[in-house]
């Protein structure tokens, strides 16, 4: 392979697939279902954040009787259903990029704050279950992004040191999680993820194929 990187770690929402519009739709459906109004301040910064934290804030402000954990699961089940109903959601060039990484001897990991039920359903719908060597979901760690738990578990399962991995994230939260784990991270400017401050990324890409073309940046 000619480089020190053995593991490619991808976020799911906004990197593997353009799912943020579906998350927005799911939030709108649930907010109407439960009579939630306002919350514009939280909605403006929700991309890349924990849906449990969002519903915990709703509980504190408006609906003291709800269970944030149950609401989070309901949200992800709804998004998973929408993924199954909407073809063509995978990111441009994803399969070409994954083949390229595999051809270079890299293992492929998924590091997502989404629940396992959604991770499995998304990979099944995209026919990518067998492509990913390692998957870590948000309900399998103590702390979600921006904490490093998800990345640390992916590294542990892969038997890799942080300097042997490279990550791709589309949000400031994800980039922070990768950095806290000591992993080099590309910021992926996905227009469907809304405006995100990706300034702390180690490199910027507009398309997954950009990683292939910028290999000299991270193959160290």
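Observations
- Screening residue 151 on (1) over 18 Å from residue 23 (Cα atoms); (2) assigned to a loop (DSSP other than H, G, I, E, B) shows it passes everything except condition (2).
- When restricted to residues that are on the phi < 0 side of the Ramachandran plot, free of Cβ contacts under 8 Å to residues at least 24 places away in the same chain and part of a loop (DSSP other than H, G, I, E, B), segment 80-99 contains 1.
- If only residues of segment 59-79 that are in contact (Cβ under 8 Å) with a residue 24 or more places away in the chain and out of contact with any helix residue (DSSP H, G or I) (no Cβ under 6 Å at 6 or more places or on another chain) are counted, the one that is surrounded by the most Cβ atoms within 10 Å (Cβ to Cβ) is 74.
- Count - residues of segment 175-188 that are closer than 21 Å to residue 98 by Cα, assigned to a helix (DSSP H, G or I) and touching a helix residue (DSSP H, G or I) at 6+ places or on another chain (Cβ under 9 Å): 1
- Cβ pairs under 7 Å, 6+ apart, first in segment 189-212 and outside the structural domain of residue 25 (by TED's automatic domain parsing) and in a loop (DSSP other than H, G, I, E, B), second surrounded by fewer than 15 Cβ atoms within 10 Å (Cβ to Cβ) and modelled with pLDDT of 90 or more: 189/204; 189/206; 198/204
- Those residues of segment 57-79 which are outside any loop (DSSP other than H, G, I, E, B), closer than 28 Å to residue 123 by Cα and more than 15 Å from the chain's Cα centre (by Cα), in sequence order: 68, 69, 70, 71, 72, 73, 74, 75, 77, 78
- Qualifying residue in segment 159-171 (condition: more than 19 Å from residue 201 (Cα to Cα) and either assigned to a strand (DSSP E or B) or in contact (Cβ under 8 Å) with a residue 40 or more places away in the chain (or both)): yes
- Number of the condition not met by residue 105 [criteria: (1) farther than 25 Å from residue 146 by Cβ; (2) modelled with pLDDT of 90 or more; (3) not assigned by TED's automatic domain parsing to the domain that holds residue 205]: (3)
- Out of 39, 8, one residue alone is surrounded by fewer than 21 Cβ atoms within 10 Å (Cβ to Cβ) and more than 20 Å from residue 118 (Cβ to Cβ). It is 39.
- Members of segment 6-20 found to be over 15 Å from residue 211 (Cα atoms) and part of a strand (DSSP E or B), listed by number: 13, 17
The values are calculated or read from the model by the stated rules, or taken from the named source; none is laboratory data. Being a predicted model, the structure only gives us computed values, none of them experimental. When we count neighbours, we look across all protein chains shown, and the Cβ atoms used for this are built from the backbone with ideal geometry, even at glycine.
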